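Peer 1: Here it is, the structure in full.
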Amino acid sequence: MKKNQDLIHLGEAIRLERLRRHLSQEELAEAAQLSQSTHISRIEKADVDMRVSTLIKILRALNIKFDDLIDI
């Protein structure tokens, strides 16, 4: 199965921003109120097509706007 390039870019941007803020996947999952830190891993690897509501939680946890994230 071929991965969507937009999801790959988005996942990589989330990973880079998380690392820039010195957060583990577990810490980001907790801050975003996501039930499983493995979900962050799957998002960063573009293994899952996340819901908009999940993206909003991650953006809020990172305190970043979507436009800024996609510019990473």
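Peer 1: Using a simple charge model, +1 on the beta-carbon of Lys and Arg, -1 on the beta-carbon of Asp and Glu, nothing else, what dipole does the chain show about its Cα centre, in debye to the nearest 20? Present the calculation step by step, with values, prior to reporting the outcome.
Peer 2: Details: 12 positive and 12 negative charges, 21 e Å.
Value, rounded to 20: 100 debye.
Peer 1: Hey, another quick one. First compute the accessible area of the chain with a 1.4 Å probe, then give the percent of it belonging to carbon and sulfur atoms.
Peer 2: 48
Peer 1: A further question on this structure: Could you order 35, 53 by accessible surface area, starting with the largest, using a probe radius of 1.4 Å?
Peer 2: Values: 35 120, 53 65 Å².
Order by accessible area, largest first: 35, 53.
Peer 1: For labels at residue 55 and residue 30 in the simple 7 Å Cα→Cβ model, what's the distance in nm?
Peer 2: So the label points at residue 55 and residue 30 sit 2.7 nm apart.
The values are calculated or read from the model by the stated rules, or taken from the named source; none is laboratory data. Since the structure is predicted, the reported quantities are computational estimates derived from the model, not experimental observations. Ideal geometry is used to build each Cβ from the backbone, glycine not excepted, and the neighbour counts take in all protein chains shown. Just so you know, the surface numbers come from the protein's heavy atoms only, side chains and all, with ligands and any DNA or RNA stripped out. Shrake-Rupley method; radii C 1.70, N 1.55, O 1.52, S 1.80 Å.
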